[in-house]
Every structure is written in C-alpha cells, then in structure tokens.
Amino acid sequence: MIEITKTLDPALIDRFTAIVGDKYALRDQQDIAPYLIERRGLWHGATSLVLRPGSVDEVSRIMRLATETGTPIVPQSGNTGLV
C-alpha cells in the first residue's frame, strides 16, 4: 500500500470538494488507488484527494484555490504515462 507522507488539512479538502461536489472528489484510498499508478506500473503516486472537475470553470476555481493556499496540483489525463 502507498503511504502518504503529507496530507491535506481536512478543511482544505472540504474547500476543494465544494468546488466539484462530493461525487467528483475522491477521498477514500481505494477509490484513489487507480489514479496513482500509470499504465505500465513504473510510477506510483500518493495523494489524499483526487478531484474530477466537470468544467473549465471548476478547473479555474481549483487552480485559484491551490495557488492561494500553496497546494501542489498534479494534472492528470488518460493515465497512460505517455506525453
């Protein structure tokens, strides 16, 4: 199992979740796990939250909050590991 060395403050997780809604904010590690391993299995990540925005506005709001709070963001698309 992947160990997370630094977690987000629960209040900050709630703020990010409010942007996309509970259905599109994954907090459970079992739900997050498929997002942490690229297709070839060579790279493994760690996070306490996965956000699945549904619009450009939501992406903008997520990035604004991340910038304001100094929260690192790793954008992900097809999870293939290809550029």
- prompt: To the nearest 0.05, what FRET efficiency results for Ser60 and Arg27 with a Förster distance of 25 Å applied to their C-beta separation?
  reply: 0.70
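Counting other C-beta atoms within 10 Å, and keeping those with at most 13, which DSSP coil trypsin sites (Lys or Arg not before Pro) do you find in region 36-78? Don't skip to the answer; put the middle values down first.
On the way: sites: Arg39, Arg40, Arg61, Arg64; in loops: Arg39, Arg40.
Here the trypsin sites (Lys or Arg not before Pro) that fit, given the DSSP loop and packing criteria, are Arg39, Arg40.
Assuming a viscosity of 1.567 mPa s and a temperature of 4 °C, what translational diffusion coefficient in µm² per second does Stokes-Einstein assign to region 10-69, Rh being the Kirkwood radius over Cα pairs?
Details: Rh = 12.4 Å.
Rounded, D is 105 µm²/s.
No lab work stands behind these numbers, since they all come straight from the coordinates. Since the model is a prediction, treat every value here as computed from it, not as a measurement. Every residue, glycine as well, gets a Cβ built from its backbone with ideal geometry; the counts of neighbours run over all protein chains shown.
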